[in-house]
Amino acid sequence: FSIYTQEEFAARFLSEMIVPAGVKQSVDNHVSIPNAAVDWSTQGKVSRVKNQGQCGSCWSFSATGVAESWALFSGKSWDLSEQQLVDCSASYGNHGCNGGWPSNALNYVKANGLTTESSYPYVAQTRTCAKQGGEFHISQVLSVSGCNGLLTGISSRPLSITVDATNWSQYRSGVFNNCGTGINHAVLLVGTDATGVWKVKNSWGTGWGESGFIRLAAGNTCGICAYGGVYVA
């Protein structure tokens, strides 16, 4: 990402996050400290790190990430199709490579099912829908709100979340806190340490950050708590 200016980076790899009607911001004034660590990525409950390329489809990767994690808790391994969500979920409020929202994508999966990556490969472009639905199904799309909701939720499962990733391009390692709160990226929350530092799975490949992950300072760093988190059942 070093070859891009901040403006070029944002234009290529970040996207407009289209907040669904009825979804409100909620950030706690007093955030609890967990005093216990959890990292689902080291316990076999988080699927592989993927790469969205130059397409504002982060919302689809966040959605498949939380769905694939839910499957892993059931002892099943799925590699789900982000491209199908990019191409086929417009009627649920998404706009392909021009942005969307994870819960909109998951509502599509709830209603239609979702196919696999091998059946509907990712091409990092918005195309005409080639196939609706598939063999993977969920029955519920559920949410938690605020930082304390994220801390409670992550103790049981990974969560689909949204953040401000404007300054993430040069991140390599460590605990990051150099960011604002203007939401422009969707990712997967996979853990927290005993001091409240968040661990997040991104969709920019394993060559970025800590093998595709980033750690964020405790609290509402990068707006992580603003819209809470989403999970499935």
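The values are calculated or read from the model by the stated rules, or taken from the named source; none is laboratory data. Only a predicted model underlies this, so the values are computations on that prediction, with no experimental measurement involved. Virtual Cβ from ideal backbone geometry, glycine too; neighbours counted across all protein chains shown. Surface accessibility is based on the protein's heavy atoms, side chains included, excluding ligands, DNA and RNA. Shrake-Rupley method; radii C 1.70, N 1.55, O 1.52, S 1.80 Å.
Shape analysis of the range 116-187 places it in the oblate category; the axes a ≥ b ≥ c from the Cα gyration tensor give an a/c of at least 1.5, with a/b not above b/c. Summary value for the chain: 28 percent relative contact order, contacts being C-alpha pairs under 8 angstrom separated by 6+ residues. Heavy-atom accessible surface of the range 52-153, averaged per residue, reaches 38 Å², computed with a 1.4 Å probe. Relative contact order of the range 46-94, taken over Cα pairs closer than 8 Å and 6 or more residues apart, is 35 percent. Anisotropy class assigned to the range 129-169 is oblate, per the alpha carbon gyration tensor with a/c at or over the 1.5 cut-off and a/b no larger than b/c. Students often get this wrong, so try it: which of (i) 17.3; (ii) 22.1; (iii) 19.6 is Kirkwood radius over Cα pairs in Å as calculated from the structure shown? Label of the calculated value: (i).
Helical content of the chain, expressed as a calculated mean residue ellipticity at 222 nm, amounts to -6500 deg cm²/dmol (DSSP H runs of 4 or more residues, -39,500 (n - 2.57) each, divided by residue number, nearest 500). Note on residue 222: accessible area approximately 0 square angstrom, rounded to 10, probe 1.4 Å, nucleic acids and ligands left out. Screening the chain for whole DSSP H helices with an alpha carbon extent of at least 18 angstrom along the helix axis and a mean Kyte-Doolittle hydropathy of at least -1.0 yields 58-73. Taking the 1.4 Å solvent-accessible surface of the chain as the whole, the part contributed by carbon and sulfur is 47%.
Just check the range 27-156 against the gyration tensor rule for me: Cα atoms, a ≥ b ≥ c as the square roots of the eigenvalues, rounded for a/c under 1.5, and otherwise prolate or oblate depending on whether a/b exceeds b/c. It is prolate, given that a/c is not under 1.5 and a/b is the larger ratio.
Pairs exceeding a 18 Å alpha-carbon distance, out of 110/201; 45/199; 76/131; 45/201; 50/131: 110/201; 76/131; 50/131. For 61, 73, the ranking by accessible surface with the largest value first comes to 73, 61, using a 1.4 Å probe.
Computed over neighbours whose Cβ is under 13 Å from that of residue 191, the net charge equals +2, Lys and Arg +1, Asp and Glu -1.
Here the chain is treated with +1 on each Lys and Arg Cβ and -1 on each Asp and Glu Cβ, and its dipole about the Cα centre works out to around 280 debye. Excluding the site residues themselves, the longest part of the chain lacking any trypsin sites (Lys or Arg not before Pro) in a DSSP loop with at most 16 other Cβ atoms within 10 Å is 173-233.
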